[in-house]
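Below you'll find the structure, written out as structure tokens, and then a few comments.
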Amino acid sequence: MKEKWQKWINKIKSIFTLLTHGKTVKGARITYAVVWNLFLLTMTVVILGGAFAAGVGAGYFASLVKDEPVRSYESMKKDIYNYTETSELYFDHNVYLGKLRTDLEREEVSLDQVSDYLIKAIVATEDEYFYQHHGVVPKAVLRALFQEVTNSSVQSGGSTLTQQLIKNQILTNEVSFQRKANEILLALRLEKFFSKKEILEAYLNVSTFGRNSSGKNIAGVQAAAKGIFGKRASELTLAQAAFIAGLPQSPFGYTPFTNEGTVKKHLEPGLSRMKTVLKRMYDGGYISEKQYKEASAYDITKDFIPRAANPIEKYPWLTFEIENRAKEVLMTVLAQKDGYSEKDLKKDDSLYYKYKTLAAHDLRQNGYKIYTTIDKKIYDAMQKVKDRYQWYGPNKPDKIKDPDTGEWKTVMEPVQVGAMLIENKTGKIISFVGGRKYDSEHQLNHATNAIRQNGSTMKPLLIYAPAIELGKASPGTPLPDVALSLNPASSSPWPHNYDYRYSGLVSARYALAKSYNVPAVKLYKEIVNQRPAKYLEKMGFTSLTKADYTNLAASIGSLTNGVTIEENTNAFSTFANGGQFIDAYLIDKIVDKNGKVIYQHKAKPVKVFTPQTAYLTLDMMRDVIKMGTAAGLRSKLIFNADWAGKTGTGNQYIDSWFVATNPNVTFGLWRGYDKPKSLQTYGMSYSQRTNTLWAQLMNAAYKIRPDLVAPKQSFKMPGGIVRRSYCAVSGLLPSAACAKAGLVESDYFKVNNVPTKVDDSLIEGQYVTIGDKKYLALPSTPKEFAQVGLILNPDFIRRMVGPNFHNYSQLIPQRDRWGKVLVSTARLADNGKKPNPVSLKASGNTLSWSQASDKDVVGYRIYRGGAKVGSIVNGSKRSFTAGNGAYYVTAVDIAGNESAPSNLVEIGTGEKPKDQPVTGKPGEKSTGNPKDKPAGKDNH
């Protein structure tokens, strides 16, 4: 061992001796000098080259960012926080409905409301030097630049969170050196203006995170937490936070949901990414080894929430209705900020379009909370009733054109429905039914947008209430229900009642209850020159045309365009509100994301009718339900309330309505086909089908809100109304003749519209019967053929139905309340000549004769031996039981003219018979001894 060490020592001494030799030292010095000079030269070149390169780079960088403006703090703040946030929708009582329809769902959240796990996961994964750098990590930028220049296949991100925020909010996703240069410049500037907390908070709200369980695109960690795990961002576990933090790298690659909201079959990419995030958190010291292992082994798939129905899927009609109305509301708010009024928007189409567009943009960008008046429980209950109802009626065929092929095809069209429930005193739309089923072919909201003819539901709105308001009618006002020709363009009778029958003189109350058309149009014709359609304007009808103000058919619901269910129902609430119209509304308030109320609905009552008119109209409509066209309704309801309403049928039975109001709510329902078709069918009538559905829907609402739907109080009669007796024939104060006829009735009147004149419609007089008709007797009419009774005054008849109406018998109502006393009469003119003689024959002791050929004959006289022994009224049996003797008969007309004798007929032995009472009909006394008067001289 010693020998080996000695050898090494000897070698070292040899080398040292060589190096210290004079020649060797001199050579080493020369070599050192050369190497040092070369080193200095190289360093000089490198420094000069680096400086040159740096100068060139700086110049190039400057050229890239020369067009980028110097942004102020306010400018950058506006851009950074200008991210879209989806507006939220709410039922009444702050019940959450869902998000507004949008391409990207987002919900803003502050950093202190985000799980610490999620914050650490994002930093560890996306920017490990976030808290150390000043917006840019130089080595990461150089690495990314090198990879870009060399076209390296291995890409490692060079962007910090700050740069990503700049890219998302200020710049674009364009791949270019110029954009990258601007990004670096702005990131450095942003870091000077904003704290790390502000930058991180903005990033967490900006980033996209794939899809939620409804299949909607989501952005921001709050929307991600709720949409994937059903939690708030503050409630996330470590594993859940890691899964969400991994999504921004490839949002739609790692998202667990499809665009239909179902869980993907292949989840491995997202699960693998979650584990990568956990590893980086562990490597960065954010979590312990135990936490890392437990979270990595956790089955995150069991935390994915089940598919959630998109609000548009569950509440399609409601969601779109809220959106449309919110736009209208916000449009007005935005316009008023700029100094424009609602009238300005209506007058200027371009202005309207501008603010409508701005409103639509704001609704999807600014994260409003939109609160509505819809009661969720009642709304849901009504949809169930609507879906389960069995008696809509049959589907009917209809021809449609295929948009793809252009060919016509036959489809079966279902009966549709629209309904709306409104709270009277506030105008709140509590609930509505938009239609049977919402799909690609049936998207029309029948409650708010379908314009239809409202049939007889128009009568209280356009006829009876205006007539009462104008002092032209009261509930007891008599109206003629006869075949009148009220259409100036036609001589044929118009309008017709729905059953083509007539009831004679009826009260306005009864005409409304039974929905008679003729008396309604007759009354409307008397007031049409005072433009009663102006009341419809005040009650919110928006589709009226100029023709609707003069067309008589408008009074029974035949408008040029029509009305919506909402408008028609809302108008009826006017009566419940004492004559004030309160416009129905659905948007209660809109609150911005800072909690500021930017819109709050305020009712603006419009005076339409006096309280007295409103109450009298309500009282008349009570009879519709008590004994009128909706008489069966109460038996279908499971609760009691003071209802007043009106049924309605469109022309040719194409629309069916029922609208009713009580002191709290008004509910209107329409049923029909989208392409008008008759609703008549076998089995249950069209009106029964409508009224039954109306009752079932109200029963459903009652079960949820009995306090709202079934108020205990009744409509309160205001002052200024009195109850008075009147004659049912004329509506005037009762006369002795009216009392004798038993036609004195009582009803309510406005105090300033109580009748002051005495009835003149009934007079005592004589009449004759010809066939089955009755005529006024003439002064010369023989009394033996005339009867005394109460008759209609011809002057009254002319006032009631006009001079061209002659079918007076129609004026007698076919109801017991008129009794048998009142007789409708007309005058029969004398034809100016004696009647033609009749032919007489005998069968045993019974005489009979032929019918007089003249139309004005009122009776017949029987003579024996030249003396009158009997009289028979025309229309009675033409026979006479005779004793022995020679007989003849004469005919007598209304003027008293007597015909020549008939042929002579002899009965018995020819002996002169003894004097005896002779009657023309049982119980009639003889005219006396035939010897007392010569033949042919009796002119009674």
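Of note:
- Search result, residues across the stretch 667-712 that are in a loop (DSSP other than H, G, I, E, B) and buried (at least 23 other Cβ atoms within 10 Å of the Cβ): Leu679
- Per-region count, the stretch 854-863, residues out of contact with any Asp or Glu (no Cβ under 8 Å at 6 or more places or on another chain) and either in a loop (DSSP other than H, G, I, E, B) or surrounded by fewer than 22 Cβ atoms within 10 Å (Cβ to Cβ) (or both): 1
- Here Lys399, Lys347, Lys409 are screened, and the one residue that is more than 17 Å from the chain's Cα centre (by Cα), under 30 Å from Leu669 (Cβ atoms) and of a type in the set (Lys, Arg) is Lys399.
- Subset of the stretch 874-886 that is at pLDDT 90 or above and assigned to a strand (DSSP E or B) - its residue that is surrounded by the most Cβ atoms within 10 Å (Cβ to Cβ): Phe880
- Residue match in the stretch 804-815 (condition: among the charged types (D, E, K, R), modelled with pLDDT under 95 and touching a helix residue (DSSP H, G or I) at 6+ places or on another chain (Cβ under 8 Å)): no
- Residues (within 33 Å of the chain's Cα centre (by Cα) and not hydrophobic (A, V, I, L, M, F, W, C)) located in the stretch 204-225: Asn212, Ser213, Ser214, Gly215, Lys216, Asn217
- Whether a residue is outside any strand (DSSP E or B) and in contact with a strand residue (DSSP E or B) (Cβ under 7 Å, 6 or more places away or on another chain) was assessed, and Val838 passes this test.
- Condition met for Leu479 (surrounded by 22 or more Cβ atoms within 10 Å (Cβ to Cβ), over 15 Å from the mean Cα position of the chain (by Cα) and free of Cβ contacts under 8 Å to residues at least 60 places away in the same chain): yes
- Yes/no for Ala571 being in the same structural domain as Phe609 (by TED's automatic domain parsing), hydrophobic (A, V, I, L, M, F, W, C) and either within 24 Å of Asn662 (Cβ to Cβ) or under 25 Å from the mean Cα position of the chain (by Cα) (or both): yes
- One residue from Lys820, Lys773, Lys740 being at pLDDT 80 or above, of a type in the set (Lys, Arg) and out of contact with any Cys (no Cβ under 9 Å at 6 or more places or on another chain): Lys740
- Residue check, Lys459 of a type in the set (D, E, K, R) and surrounded by fewer than 22 Cβ atoms within 10 Å (Cβ to Cβ): no
- Residue that is nearest to Asp623 (Cα to Cα) [pool: residues in the stretch 732-759 that are in a loop (DSSP other than H, G, I, E, B) and among the aliphatic types (A, V, I, L, M)]: Leu743
- Hits in the stretch 150-166 - residues which are modelled with pLDDT under 80 and in a helix (DSSP H, G or I): Thr150
- Strands (runs of 3 or more DSSP E) contained in the stretch 409-512 and holding at least 2 residues of a type in the set (D, E, K, R): none
- One residue stands out in the stretch 776-816 among those that are among the basic types (Lys, Arg) and outside any loop (DSSP other than H, G, I, E, B): the one that is farthest from Gly875 (Cα to Cα), namely Arg799.
- Residue pairs meeting the criteria (Cβ under 9 Å; at least 6 apart or on separate chains; first of a type in the set (D, E, K, R), in the stretch 401-422; second outside any strand (DSSP E or B)): Lys401/Glu407; Lys409/Asp402; Glu413/Asn395; Glu413/Asp674; Glu413/Lys675; Glu413/Lys677
- Residues in the stretch 537-575 that are in a helix (DSSP H, G or I), surrounded by fewer than 24 Cβ atoms within 10 Å (Cβ to Cβ) and of a type in the set (A, V, I, L, M): Ala547, Leu552, Ala553.
- Within the stretch 127-139, residues that are touching a residue at least 60 places away in the same chain (Cβ under 8 Å) reach partners that are in a loop (DSSP other than H, G, I, E, B) with beta carbons closer than 8 Å, at six or more positions or on different chains, in the pairs Glu128/Gly284; Phe130/Thr160.
- All positions within the stretch 393-449 that are among the aliphatic types (A, V, I, L, M) and buried (at least 17 other Cβ atoms within 10 Å of the Cβ): Val415, Val417, Ala419, Met420, Leu421, Ile422, Ile429, Ile430, Val433, Ala447
The values are calculated or read from the model by the stated rules, or taken from the named source; none is laboratory data. Note that the structure is a prediction, hence the values are computed from the model and not measured. Cβ: placed from backbone, ideal geometry, glycine included. Neighbour counts: every protein chain shown.
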